[in-house]
1. Taking region 174-183 only, how many residues are of a type outside the set (Lys, Arg), modelled with pLDDT of 75 or more and open to solvent by 20 Å² or more (accessible area, probe 1.4 Å)?
2. Being under 48 Å from the mean Cα position of the chain (by Cα), assigned to a loop (DSSP other than H, G, I, E, B) and β-branched (Val, Ile, Thr): is that true of Val595 here?
3. Looking at the structure I just gave you, is Pro55 in contact with a Pro (Cβ under 9 Å, 6 or more places away or on another chain), assigned to a loop (DSSP other than H, G, I, E, B), open to solvent by less than 70 Å² (accessible area, probe 1.4 Å) and in contact (Cβ under 8 Å) with a residue 12 or more places away in the chain?
4. Determine whether region 718-731 contains at least one residue that is part of a strand (DSSP E or B), open to solvent by 40 Å² or more (accessible area, probe 1.4 Å) and basic (Lys, Arg).
5. Here are the criteria: (1) closer than 27 Å to Ser490 by Cβ; (2) open to solvent by 60 Å² or more (accessible area, probe 1.4 Å). Tell me which single one Leu332 does not satisfy.
6. Does Val382 fit the bill of being modelled with pLDDT of 85 or more, open to solvent by less than 60 Å² (accessible area, probe 1.4 Å) and more than 30 Å from Gly605 (Cβ to Cβ)?
7. Does region 561-571 include one or more residues that are in contact (Cβ under 8 Å) with a residue 60 or more places away in the chain and not aliphatic (A, V, I, L, M)?
8. Report the residue count in region 1-22 for those that are part of a loop (DSSP other than H, G, I, E, B), modelled with pLDDT of 85 or more and open to solvent by 60 Å² or more (accessible area, probe 1.4 Å).
Amino acid sequence: MEGTIFTMPVIALRGLTVLPGMTVSFDISRPKSIAAVEKAMVSDQKVCLVAQKDPDEKNPGLEQMYHVGTIVHVKQLVKMPGGIIRVMVEGLERAELLAFDSEEPALIGEILETPRGESDLDYITTEAMIRVLRDQAEEYGRQHPKFAKEVLPNLMVLTDLEDLMRQIASEFPWDYTIRQKYLEAEDTTCRYEALVASLVNEVEISRIRREFQERVKESIDKNQKEYILREQMKIIREELGDDPVSDADEYEKQVNSLKADKEVKEKLLKEIERFKGMPGGSQEANVLRTYIETLLELPWNKVSRDNNDLKHAEAILEKDHYGLEKVKERVLEYLAVRTLTKKSSGPIICLVGPPGTGKTSIARSVARALNKKYVRISLGGVRDEAEIRGHRKTYVGAMPGRLVDGLRQAGVANPLMLLDEIDKVSSDYKGDTSSALLEVLDGEQNVKFRDHYVEVPINLSNVLFIATANTTQTIPGPLLDRMEVIEVNSYTENEKFHIARNYLTGKQLERNGLSDKHVTISDGALKKIIHNYTREAGVRNLERRIGDICRKSAREFLENKKQMIRVTESNLDKYLGKEKITFEDANEEDEVGIVRGLAWTSVGGDTLQIEVNVMPGKGELKLTGQMGDVMKESAQIAMTYVRSVGPEYQVADDYFEKHDIHIHIPEGAVPKDGPSAGITMATAMLSAVIGRKVSAKVAMTGEITLRGRVLPIGGLKEKILAAKMAHMETVLVPDQNRADIAELSKEITKGLRIVYVKCMKDVLQEALVS
């Protein structure tokens, strides 16, 4: 149809230019535009979109419109309130508007379809153009992080010049006039020049804007510096005797302007009166001076304005952390309730999980999301009650407790206070630290918290407390009861991969003076680091390994003058050495007396291959492999169960008196304990006694009773992950753990057949090979 003139409905667009290949929605309300769309819908659903030169023109003619537009296919119409129609279109071809055949009731124009021809540029010129466009797009992305994250990755993979130009023209937040220039350009070179000129212009505008912002900030900082210097000069003049104001009078002025309750002000004024009657250089006067200044520095009734925007809070939490859904959900619930009730008292949350899973850093993100001041108090190793409640001011060097000091640092009465490592507090003859925390973490009592140093009740009910711990075993029951425990579980390999790619890699590159222009780590390399070089619940060692790569790359970059270093699966051992971690896969063949069990460790889940041998003897049960007391008892229970069901499997009555049974769990140097291997040991023993093989693709976990019932166990997420990494096909779990399995994501359970068992008969039916 090239060069052919034909007629079709025309819509005049205000402030919008549609390009071929774009899919876009816009609203129309003018009768002519609506009539044009209706006419198109009863024919071939095609219409020509042409931008008008003046968006404010209500009834544009041919001269008030651009002569080049786009033929589009109408995909969807939605009627909106107020006579507005929302139209979704897909751009097809470039076209030229020659004239109008009629203007009532709809614009019908004479259209010349002018599709773009093939490019006549050679390969080198095309490649150079592509690289220039990419460089300019990357430069723009460095100044606009959101654009770099959402749009730039899709542009960088395009290798065709026309596709790249069309995507840049479509995706960039241009003014419509820039897209119009691109649309009107006749050939590839003209379109390229128009696009590059616009890109360079946008980058320069962003750079100048940033420079202006920096100048304004410098000006503000300079004004603050001048204010401080003037205050210092004022003090120097007072020291020289130029009409000085006494300290006591200055304190009284501060008390009058202090936002505090009447009780606090009365206490301060009383102490100031005492201070006035003391000799200036006496020890007691210095103690009292420090006390008055401490009370004046406390925020009392001064609070910061929190951000109640749920979407803003959710966006920050999602940006800073991958996963941790329960924590994010609880914070957003707290924010929603506070918005409705207008009360600032919040929950006392305790995040419990293995090291390196982001418990401490999520608290900082929560503070940023809620626009709260952030105070971190490390409780690891604290054993003196005075660290919490403070020292009485009569002692030399007395100071308030860490909580009051945290309020003073924050400067407001409603900060977010992180109590880090609350499971590691201890006690000695000076008092029990955890008992001192009982009052702090009780929402009914901390309204009037008494610090020994301050001696005036302090309201801690506006503080949002978040505690972190690696385990709840060492936290006293009354203290644990006051907190809302949220478990932060181990990360899956996929979660670790996303964390490494989105957060850790960029952080380590920046820390080592590099950028993604110098070093790239492939997705495959990251997955190999996670699987074969680290074994942990969190991501600390993963970050260290990425740091190792960055340091070695930095040296290589300087010594060998390399422009780009690419780390892939094939050359990973050059940076990290040989693989450190290997996972024991499922056995190839079914065997007698060997069963794969599942275990929980502090660094995630693991599989245990339990081996049983039967030999002539006197009926002894031998246990090896550093088993704990609970595991030994499980073995004895399993033995009793196997003996009780022996007749069902035609086992001779005197069999157990004439044979010894030896149970061994490999990796004998590693201590093992817990009841969850009960059904595994029972299955292995019965298999060895009756000589039937156990399926090599079955793993199991569960506590056993004397009568063969299967009881629930913990750490199921880590155990299921371990089974998956060992390439197991079937996992037997206690029936009472159904709720725990239901909470696991499909990513974890995908590829595994989960079988729920209530008793040993269910276990043996699945495990024993017929």
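The values are calculated or read from the model by the stated rules, or taken from the named source; none is laboratory data. What you see is a predicted model, and the numbers here were worked out from it, not measured in a lab. Please note: Cβ atoms are built from the backbone with ideal geometry, for glycine as well, and neighbour counts cover all protein chains shown. The area values use the complete protein model at the heavy-atom level, side chains included, leaving out ligands, DNA and RNA. Shrake-Rupley method; radii C 1.70, N 1.55, O 1.52, S 1.80 Å.
1. Step one: of region 174-183, the residues of a type outside the set (Lys, Arg) are 174-178, 180, 182-183.
Remaining after also requiring modelled with pLDDT of 75 or more: 175-178, 180, 182-183.
Now drop any that are not open to solvent by 20 Å² or more (accessible area, probe 1.4 Å), which leaves 175-178.
Of the residues in region 174-183, 4 are of a type outside the set (Lys, Arg), modelled with pLDDT of 75 or more and open to solvent by 20 Å² or more (accessible area, probe 1.4 Å).
2. On the way: under 48 Å from the mean Cα position of the chain (by Cα): yes; assigned to a loop (DSSP other than H, G, I, E, B): no; β-branched (Val, Ile, Thr): yes.
No: the conditions fail for Val595.
3. Working: in contact with a Pro (Cβ under 9 Å, 6 or more places away or on another chain): no; assigned to a loop (DSSP other than H, G, I, E, B): yes; open to solvent by less than 70 Å² (accessible area, probe 1.4 Å): yes; in contact (Cβ under 8 Å) with a residue 12 or more places away in the chain: yes.
Judged against the criteria, Pro55 is not a match.
4. At the first step, the residues of region 718-731 found to be part of a strand (DSSP E or B) are 730-731.
Next, from what is left, pick out any that are open to solvent by 40 Å² or more (accessible area, probe 1.4 Å): none.
Checking region 718-731: not a single residue is part of a strand (DSSP E or B), open to solvent by 40 Å² or more (accessible area, probe 1.4 Å) and basic (Lys, Arg).
5. For Leu332, the failing item is (2).
6. Working: modelled with pLDDT of 85 or more: no; open to solvent by less than 60 Å² (accessible area, probe 1.4 Å): yes; more than 30 Å from Gly605 (Cβ to Cβ): yes.
Considered against the rule, which asks whether it is modelled with pLDDT of 85 or more, open to solvent by less than 60 Å² (accessible area, probe 1.4 Å) and more than 30 Å from Gly605 (Cβ to Cβ), Val382 comes out as no.
7. Initially, region 561-571 is screened for residues in contact (Cβ under 8 Å) with a residue 60 or more places away in the chain, giving none.
No, every residue in region 561-571 fails to be in contact (Cβ under 8 Å) with a residue 60 or more places away in the chain and not aliphatic (A, V, I, L, M).
8. Residues in region 1-22 being part of a loop (DSSP other than H, G, I, E, B), modelled with pLDDT of 85 or more and open to solvent by 60 Å² or more (accessible area, probe 1.4 Å): 1 in total.
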